[in-house]
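Submitted below is the structure of interest, expressed as structure tokens.
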Amino acid sequence: MRQYFEKMDDLGKPLKPAQVERMKENRAQIEAVMQSIDAEVDRVKKAGIPAEKIRERGQMTVWDRIEYLVDPGTFCPLHTLYNPMDNEEGMTGVIDGLARISGKWCVLIGFDNKVMAGAWIGGQADNNLRVTDMAKILNLPLVWIVNCSGVKLPEQEKVYANRRGNGTTFFRHAELEQIGVPILAGIYGTNPAGGGYQGISPTILLAHKDANIAVGGGGIVSGMSPKGGFDEAGAEQIIDSTRHFKEVPPGSVGIHHDYTGFFRQVFETEKGVLDGLKAYMAEMPAYNPRFFRVAPPAEPKYPPAEISSIVAFNQKGGYDFDSVLARLVDNSEHLEFRTGFGPEVYTGLVKVDGYLLGAIGNRQGLFPNYPEYTNEYTAIGGKLYRQGLIKMNEFVTQCDRDRIPIIWFQDTSGIDVGDTAEKAELLGLGQSLIYSIEATKVPMALVVLRKGTAAAHYVMGGPTANNHNAFTLGTATTEIYVMHGETAAVASFSRRLVKEKESGRPLTPIIDKMNELAREYNEKSRPFYCAKTGFVDEVVRFEAIRNYLVAFANAVYQNPRSICPQHHMMLPRLIRSQIVKGLERPPKQE
């Protein structure tokens with residue numbers, strides 16, 4: 001299949017100096033947003049007690065542990081700013097992302113031992129479930145750095161119960177193990193109650209010599225016989241019990257290595273535990289990259305940093321999507337699927353680190369003489385029409401047939417609306433795309449380049465595709481909302497305006513409410529808000545997108561559940577058949 005993959009069609013073109021100069025202010029606006037994001041990330045890294053206090057105790061912070069454990073330059077953090085319950089800690093108490101350890105990719109998550117000794121806090125349960133979902137979708141080992149003091153008791157109602165409470169993680173662990181996804185745990189410190197189950201539910205348990213895991217910690221054991229209140233005699237009993245269990249905590253190494261054997265190995269040093277995880281990761285099942293690569297890895301011809309000179313910060317500004325993609329894929333090459341059909345959408349095959357991926361994205365600009373079902377208006381980029389929806393359905397289905405993972409790029413204002421669009425079956429075609437995605441068995445990821453709006457945000461591989469979307473990235477220009485704030489204000493207050501006008505009352509109070517709603521929409525759609533609430537899993541610089549694509553490509557091809565041999569693939573042949581005719585018939589012999 002070298003004729004299809006080794007040299008694909010050229011994609012994109014160099015930027016002209018005039019464009020680079022013209023986009024100077026654009027780059028400054030993008031950088032200002034990213035500096036504010038960087039400040040928030042730095043705040044999260046400094047959450048809890050100072051790192052030096054942890055180190056003075058002879059311990060490593062979670063960030064120290066990650067740095068030591070992960071192959072240099074491969075950690076792709078996710079959910080760093082996630083804080084859906086607006087905790088006073090400013091985070092969910094865990095740090096996670098895609099990482100390569102001992103040459104093998106995994107999903108890595110660790111409790112932040114600077115924050116309440118790694119306690120369960122609000123929002124953490126959903127963070128953990130996003131992580132287990134990612135391990136399931138990518139079929140990757142899940143690696144835990146366990147250092148969990150249990151529930152933050154004054155806020156137990158935020159973490160303990162509910163269908164998606166912290167305990168759900170343990171059921172997800174069992175689910176992963178039953179489908180063959182291993183879970184490794186490096187265990188530190190005191191891990192009572194919920195922390196005990198964080199320790200016991202993984203597949204392989206490696207412990208530091210001072211670690212313990214237990215159904216209940218010293219404080220819990222001391223208070224297991226409620227008497228309806230407290231008195232001085234009871235307080236003295238609690239003091240005695242607490243002193244005892246502090247000296248000899250339940251579930252120590254002596255119990256769970258020497259007696260139960262739950263701990264596979266115990267290590268004298270903190271780094272020893274991490275070295276143990278490295279050793280196990282080196283033995284994880286993985287294909288040699290040459291098994292799936294379709295060409296040698298190559299960098300894009302054009303630097304990813306140039307994307308901030310292409311994507312307009314102004315949401316109404318146009319840009320060339322093909323030029324963005326050219327700065328993210330190997331050798332800036334592609335094979336486009338159904339060129340000219342559904343022109344508002346790009347679909348095609350690309351290479352990332354030598355692996356084959358499907359790419360789908362919104363094109364911008366005007367499309368004359370389109371859509372084909374009306375001459376009442378002209379198509380605009382970012383909006384979806386009949387042909388584009390049909391093309392995406394076809395492409396997703398063919399990618400599934402050939403077992404090609406998909407990366408989506410969104411900058412969409414929604415699906416065409418009105419009776420003309422309804423007659424063209426757009427409502428049904430949008431749901432058809434959801435059906436096509438759900439019918440696939442291939443992992444997907446999403447980059448929201450700018451707008452993620454209305455139903456188009458769902459149907460184009462959005463995070464609502466729970467069984468397929470491994471992660472969603474935001475950028476400095478990301479905005480996610482059901483509709484633009486001004487559109488929402490009109491939808492909310494238009495009838496009220498008519499009523500006030502007909503009643504002869506002043507319109508100013510309603511106009512003020514409309515402007516306030518538009519401002520609120522803007523504030524609640526910007527990159528930081530999207531990351532905090534989980535609309536996206538991480539906000540990254542444009543030039544960092546390539547790193548995440550490389551991680552995604554390596555992850556999905558490391559140990560896939562099913563395989564399509566390259567010479568059995570149909571999609572490359574279908575693409576080439578669009579432009580390549582059959583062989584000429586030889587002339588008859590006289």
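When you go through Ile390, Ile380 one by one, which is the residue that is at pLDDT 95 or above and out of contact with any strand residue (DSSP E or B) (no Cβ under 7 Å at 6 or more places or on another chain)?
The conditions single out Ile390.
Can you say whether Thr92 is at pLDDT 95 or above, closer than 22 Å to Ala555 by Cα, touching a helix residue (DSSP H, G or I) at 6+ places or on another chain (Cβ under 7 Å) and in a loop (DSSP other than H, G, I, E, B), as far as the supplied structure shows?
Taking the combined requirement at face value, the residue does not satisfy it.
So which of Arg561, Arg541, Arg576 is open to solvent by 10 Å² or more (accessible area, probe 1.4 Å), at pLDDT 95 or above and in contact with a helix residue (DSSP H, G or I) (Cβ under 7 Å, 6 or more places away or on another chain)?
Arg541
Just checking, does the range 363-380 include any residue being open to solvent by less than 10 Å² (accessible area, probe 1.4 Å) and hydrophobic (A, V, I, L, M, F, W, C)?
Yes.
Now for a separate question. Six or more apart or on different chains, Cβ under 6 Å: which pairs go from a residue in the range 49-63 that's assigned by TED's automatic domain parsing to the domain that holds Gly90 and in contact (Cβ under 8 Å) with a residue 60 or more places away in the chain to one that's in a helix (DSSP H, G or I) and open to solvent by less than 50 Å² (accessible area, probe 1.4 Å)? Could you list them?
Met60/Glu270
Does Ile66 meet the test of being among the β-branched types (Val, Ile, Thr) and part of a helix (DSSP H, G or I)?
Spelling it out, Ile66 is indeed among the β-branched types (Val, Ile, Thr) and part of a helix (DSSP H, G or I).
Continuing with this model, one more query. Given the criterion open to solvent by less than 90 Å² (accessible area, probe 1.4 Å), among the basic types (Lys, Arg) and either over 24 Å from Glu89 (Cβ atoms) or in contact with a strand residue (DSSP E or B) (Cβ under 7 Å, 6 or more places away or on another chain) (or both), identify the matching residue among Arg22, Arg27.
Arg27
Residues Thr464, Thr475: which one is touching a residue at least 40 places away in the same chain (Cβ under 8 Å) and under 26 Å from Cys76 (Cβ atoms)?
From the options Thr464, Thr475, the qualifying one is Thr475.
Please determine whether any residue of the range 82-102 is crowded, with 23+ Cβ neighbours inside 10 Å, more than 24 Å from Val539 (Cα to Cα) and in contact with a Ser or Thr (Cβ under 6 Å, 6 or more places away or on another chain).
Taking every residue of the range 82-102 in turn, none turns out to be crowded, with 23+ Cβ neighbours inside 10 Å, more than 24 Å from Val539 (Cα to Cα) and in contact with a Ser or Thr (Cβ under 6 Å, 6 or more places away or on another chain).
Mind listing whichever residues of the range 12-24 are part of a helix (DSSP H, G or I) and in contact (Cβ under 8 Å) with a residue 60 or more places away in the chain?
Within the range 12-24, Gln19, Val20 meet the criteria.
I'd like to verify a number: residues in the range 288-315 that are open to solvent by 80 Å² or more (accessible area, probe 1.4 Å) and farther than 30 Å from Met34 by Cα, how many?
Of the residues in the range 288-315, 4 are open to solvent by 80 Å² or more (accessible area, probe 1.4 Å) and farther than 30 Å from Met34 by Cα.
Determine whether the range 146-168 contains at least one residue that is more than 22 Å from Gly261 (Cβ to Cβ), without any contact (Cβ under 8 Å) to a residue 24 or more places away in the chain, of a type outside the set (Asp, Glu) and in a loop (DSSP other than H, G, I, E, B).
So far as the range 146-168 goes, yes, one or more of its residues are more than 22 Å from Gly261 (Cβ to Cβ), without any contact (Cβ under 8 Å) to a residue 24 or more places away in the chain, of a type outside the set (Asp, Glu) and in a loop (DSSP other than H, G, I, E, B).
On the basis of being touching a residue at least 60 places away in the same chain (Cβ under 8 Å) and either in the same structural domain as Cys106 (by TED's automatic domain parsing) or open to solvent by less than 30 Å² (accessible area, probe 1.4 Å) (or both), does Lys278 make the cut?
In short, yes.
Does Asp42 fit the bill of being under 30 Å from Asn314 (Cα atoms), assigned by TED's automatic domain parsing to the domain that holds Lys271 and either free of Cβ contacts under 8 Å to residues at least 12 places away in the same chain or loosely packed, with under 13 Cβ neighbours inside 10 Å (or both)?
For Asp42, the condition - under 30 Å from Asn314 (Cα atoms), assigned by TED's automatic domain parsing to the domain that holds Lys271 and either free of Cβ contacts under 8 Å to residues at least 12 places away in the same chain or loosely packed, with under 13 Cβ neighbours inside 10 Å (or both) - is not met.
Sticking with this one: Which of (1) in contact (Cβ under 8 Å) with a residue 60 or more places away in the chain; (2) in a helix (DSSP H, G or I); (3) of a type outside the set (A, V, I, L, M, F, W, C) is the odd one out, the single condition Pro560 does not satisfy?
(2)
The values are calculated or read from the model by the stated rules, or taken from the named source; none is laboratory data. From a predicted model like this one, the values you see are computed outputs, not experimental measurements. Neighbour counts run over all protein chains shown; Cβ positions are idealised from the backbone, glycine included. Calculation scope for accessible area: heavy atoms of the full protein, side chains included, ligands and nucleic acids excluded. Shrake-Rupley method; radii C 1.70, N 1.55, O 1.52, S 1.80 Å.
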